[in-house]
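Engineer: Mind having a look at this structure? Questions to follow.
The values are calculated or read from the model by the stated rules, or taken from the named source; none is laboratory data. In this text the structure is predicted, and so the values were computed from the model without any measurement. A quick note on method: Cβ atoms are made from the backbone with ideal geometry, for glycine too, and the neighbour counts reach across all protein chains shown.
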Amino acid sequence: MFHQILTPTGSMWSTIVLALVPLAVLLFMLAVLRITAWLATIIAGVVTVAIAVLGWHAPLAHTLRAYLYGGLQGAWVIDWITFWGLVIFNTLVLTGDFDRFKTWMVNQATVDVRIQTIMLAWAFGALLEGLVGFGYPWAVVVPILVGLGIADLDAIRVAALANNAPVSYGALGSPILALAAVTGLPMLSLSASVGDIVAILALLPPFVLIYLVSGWDGLVEAWPLGLVGSLSYILGQWPVSHFLGPYLPDLAGALTSFWILFFFVKIWKPKTIRGFGGKVISTPDAAPVVPALGAGGVFRAWLPYLVLIIVVVLWTGPWSHLPSISWYKLQIAALSSVTNKPMASVFNFNPLSGGTSILVSWLVMLVLLRPKGSLLAQVFARTFKQMWGALLVAFFIFAIAYVFVFTGMANSLAFGFSKIGWPFVVLAPVLGWIGVALSGSNTSTNAMFGPIQAVTGRLLNLPPLLLPSLNSLGAEVGKPIAPQTASVGVSTSKLVRSEGQVIRHNMIWTLIVLAYLVLIGLCFYLVAPHSMTV
């Protein structure tokens with residue numbers, strides 16, 4: 001069995017520099033050269049294997065096996081769930097059911113820009129993030145906000161910052177699934193620990209959103225709206241993240257928030273009705289901007305989301321053994337340079353995983369919606385066109401992560417970072433923030449940095465869930481300045497190919513939220529470390 005080497009260069013700091021080369025190459029290609037992500041991950045994989053074999057003296061054949069097993073695990077854990085999630089979304093778009101649902105949502109938001117923002121950017125945006133992710137909430141919500149009178153650049157910033165809280169559970173929990181796969185930590189425990197941090201993080205954004213669209217006076221008048229918006233999302237998100245896992249917290253939080261806001265604004269509204277920029281509107285009961293739906297239309301608009309929630313809850317809940325059924329495993333082990341115990345790199349083929357529950361949900365939707373066969377052909381064509389690059393990225397980024405872990409490169413980096421001591425708690429979310437800002441993906445950031453965060457935490461004797469969770473949350477708050485996310489987000493606005501302008505506009509508020517997250521992380525470490533234990 002291959003025994004990992006902790007300091008192959010003979011020096012801790014030169015070892016750290018060498019181990020960072022693959023990550024630096026990958027991020028340089030993505031952020032500076034703007035090479036497409038799937039090609040950049042292939043090139044970075046070649047560099048990683050070469051350094052692992054030549055620098056860490058890992059056997060080439062075993063390293064390639066770890067690379068293959070990692071790629072297969074990424075394809076099965078991530079691609080299988082995100083593909084069917086996007087198939088559902090595209091089915092709803094092409095049948096017209098998504099527009100029907102969007103129409104109903106817009107009709108409930110009244111004429112006050114603050115209510116529109118919280119119900120559409122905050123609640124509806126979280127629903128889109130939970131279902132699809134990958135920047136689609138920006139692309140869908142921005143034109144709605146612009147149509148309601150918010151300036152394009154500000155609409156993008158509002159949609160981006162509203163998207164802060166739900167990203168870790170985006171695309172039906174893909175970032176948490178990735179983090180569990182590369183760290184070996186229990187998926188439900190990670191889902192719960194991230195949920196604890198998100199529950200506090202989510203207290204801030206609704207107030208920021210109200211301030212951005214209506215100014216200080218608008219915030220002072222409508223602070224109860226921000227409070228209800230944040231607490232209602234937490235009410236749906238937190239228990240699902242703790243007791244059901246990472247698949248549905250966003251959907252539960254979004255739908256709970258929307259319905260509580262829906263009834264709240266029936267009994268309370270700001271005394272002054274304001275438009276974008278805080279402008280006072282003298283006519284409080286403006287006509288709906290879109291035609292209203294009848295009872296049958298409303299039921300059909302909600303039906304797909306109800307199906308998804310029911311099927312996934314029944315399929316993946318703690319009472320179900322379906323996801324744990326394994327047909328076979330492929331694995332290769334090495335002796336850890338930190339613990340001197342075997343650590344395995346595993347591909348586990350569990351055919352009834354969470355992704356399969358999404359497939360079953362889609363099949364049930366087909367029975368109920370009855371789309372034509374020709375439309376289904378369009379759905380798959382559109383989905384492959386949109387996702388083929390992302391499908392490849394999941395394979396190759398997991399392959400790199402597995403090589404890092406198997407060859408000991410992750411242990412070497414973690415050992416070096418552990419020399420910082422407990423203040424690394426401050427740097428953990430910053431590392432995630434940097435990773436997503438350059439890679440554009442919370443899932444990829446968790447795959448790259450998750451193992452390093454986990455081992456660093458063990459070496460520092462920190463609660464095992466703390467640093468990996470902060471990595472995911474750091475990636476979450478860095479999304480508004482991620483170039484790849486911005487590219488998708490501006491695609492439906494007047495700012496196409498103006499990602500740099502968008503990123504600069506988002507930067508200050510993103511840094512403010514990051515600072516808030518750092519404080520949250522320190523509070524968990526100092527006050528409630530028990531909540532970050534397995």
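Engineer: Select, from Ala50, Ala66, Ala61, the only residue that is among the small types (Gly, Ala, Ser) and in contact with a strand residue (DSSP E or B) (Cβ under 7 Å, 6 or more places away or on another chain).
Structural biologist: Numbers: Ala50 fails: in contact with a strand residue (DSSP E or B) (Cβ under 7 Å, 6 or more places away or on another chain); Ala61 fails: in contact with a strand residue (DSSP E or B) (Cβ under 7 Å, 6 or more places away or on another chain).
That would be Ala66, the only listed residue that is among the small types (Gly, Ala, Ser) and in contact with a strand residue (DSSP E or B) (Cβ under 7 Å, 6 or more places away or on another chain).
Engineer: Does Asn411 satisfy the condition of being touching an Asp or Glu at 6+ places or on another chain (Cβ under 9 Å) and not small (Gly, Ala, Ser)? Full working, then the answer.
Structural biologist: Numbers: touching an Asp or Glu at 6+ places or on another chain (Cβ under 9 Å): no; not small (Gly, Ala, Ser): yes.
No; evaluated as a whole, the condition is false for this residue.
Engineer: Of the residues Thr103, Thr95, Thr110, which single one is within 19 Å of Phe384 (Cα to Cα), among the β-branched types (Val, Ile, Thr) and either in contact (Cβ under 8 Å) with a residue 60 or more places away in the chain or crowded, with 23+ Cβ neighbours inside 10 Å (or both)? Break it down stepwise before answering.
Structural biologist: On the way: Thr103 fails: within 19 Å of Phe384 (Cα to Cα); Thr110 fails: within 19 Å of Phe384 (Cα to Cα).
Only one candidate passes the filter, namely Thr95.
Engineer: Can I ask one more? Under 23 Å from Tyr136 (Cβ atoms) and either in contact with a Lys or Arg (Cβ under 6 Å, 6 or more places away or on another chain) or in contact (Cβ under 8 Å) with a residue 60 or more places away in the chain (or both): which single residue out of Gly74, Gly70, Gly45 fits that description? Spell out the reasoning first.
Structural biologist: Numbers: Gly70 fails: under 23 Å from Tyr136 (Cβ atoms); Gly45 fails: under 23 Å from Tyr136 (Cβ atoms).
Just a single option satisfies the conditions, and that option is Gly74.
Engineer: Of the numbered conditions (1) part of a helix (DSSP H, G or I); (2) in contact (Cβ under 8 Å) with a residue 24 or more places away in the chain; (3) charged (D, E, K, R), Arg504 fails exactly one; give the number of that condition.
Structural biologist: Answer for Arg504: the failing condition is (2).
Engineer: Do the conditions hold for Ala454, that is, is it in a helix (DSSP H, G or I), buried (at least 19 other Cβ atoms within 10 Å of the Cβ), under 18 Å from the mean Cα position of the chain (by Cα) and hydrophobic (A, V, I, L, M, F, W, C)?
Structural biologist: Details: in a helix (DSSP H, G or I): yes; buried (at least 19 other Cβ atoms within 10 Å of the Cβ): yes; under 18 Å from the mean Cα position of the chain (by Cα): no; hydrophobic (A, V, I, L, M, F, W, C): yes.
So Ala454 fails the test.
Engineer: Please enumerate the residues belonging to the range 34-82 that are buried (at least 21 other Cβ atoms within 10 Å of the Cβ), under 30 Å from Ser326 (Cα atoms) and aliphatic (A, V, I, L, M).
Structural biologist: Those that are buried (at least 21 other Cβ atoms within 10 Å of the Cβ), under 30 Å from Ser326 (Cα atoms) and aliphatic (A, V, I, L, M): Val49, Ala58, Ala66, Val77, Ile78, Ile81.
Engineer: Any residue in the range 136-148 that is aromatic (Phe, Trp, Tyr) sitting within a Cβ distance under 6 Å of a residue that is at pLDDT 85 or above? List the pairs, counting only those 6 or more apart or interchain.
Structural biologist: Close Cβ pairs satisfying both conditions: Tyr136/Leu128; Trp138/Ala159.
Engineer: Sticking with this one: The conditions are (1) modelled with pLDDT of 95 or more; (2) under 16 Å from the mean Cα position of the chain (by Cα); (3) not polar (S, T, N, Q), and Ala428 fails exactly one of them. Which is it?
Structural biologist: (2) is the only condition that Ala428 fails.
Engineer: For the range 326-349, name all the residues that are touching a Leu at 6+ places or on another chain (Cβ under 8 Å) and without any contact (Cβ under 8 Å) to a residue 60 or more places away in the chain.
Structural biologist: Lys341
Engineer: Does the range 301-318 include one or more residues that are touching an Asp or Glu at 6+ places or on another chain (Cβ under 8 Å) and at pLDDT below 90?
Structural biologist: Yes; the residues of the range 301-318 include at least one that is touching an Asp or Glu at 6+ places or on another chain (Cβ under 8 Å) and at pLDDT below 90.
Engineer: Step by step: first the residues of the range 118-159, then only those that are touching a Ser or Thr at 6+ places or on another chain (Cβ under 8 Å) and closer than 16 Å to Asn442 by Cβ, then the one that is modelled with the highest pLDDT. Which residue is that?
Structural biologist: Among those residues, the one meeting the criterion is Ala126.
Engineer: Please go through the range 363-387 and give me each residue that is out of contact with any Pro (no Cβ under 9 Å at 6 or more places or on another chain) and in contact (Cβ under 8 Å) with a residue 60 or more places away in the chain, ordered by number.
Structural biologist: Correct list: Leu366, Pro371, Leu375, Leu376, Gln378, Phe380, Arg382, Thr383, Gln386, Met387.
Engineer: Only one of these conditions is not met by Thr9: (1) in contact with a Phe, Trp or Tyr (Cβ under 8 Å, 6 or more places away or on another chain); (2) among the polar types (S, T, N, Q); (3) outside any helix (DSSP H, G or I). Which number is it?
Structural biologist: Condition not satisfied by Thr9: (1).
Engineer: Residue by residue through the range 134-169, note down the ones that are under 13 Å from the mean Cα position of the chain (by Cα), among the aromatic types (Phe, Trp, Tyr) and assigned to a helix (DSSP H, G or I).
Structural biologist: Tyr136, Tyr169, listed by residue number.
Engineer: Suppose the filter is among the hydrophobic types (A, V, I, L, M, F, W, C) and at pLDDT 95 or above; does Val47 pass it?
Structural biologist: Yes.
Engineer: Just name the residue that is nearest to the chain's Cα centre (by Cα) out of those in the range 364-388 that are under 30 Å from Ala447 (Cα atoms) and loosely packed, with under 13 Cβ neighbours inside 10 Å. Give the steps one after another, and end with the answer.
Structural biologist: Our first condition is that a residue be under 30 Å from Ala447 (Cα atoms); within the range 364-388, this holds for 379-388.
Okay, now just the ones that are also loosely packed, with under 13 Cβ neighbours inside 10 Å, so 381, 385, 388.
Numbers: Ala381: 25, Lys385: 21, Trp388: 19 Å.
Among them, the one singled out is Trp388.
Engineer: Under 8 Å between Cβ atoms, at least 6 apart or on separate chains: pull out the pairs that start in the range 21-37 with a residue that is at positive phi and at pLDDT below 85 and end on any residue that is surrounded by fewer than 19 Cβ atoms within 10 Å (Cβ to Cβ) and not in a helix (DSSP H, G or I).
Structural biologist: Nothing qualifies.
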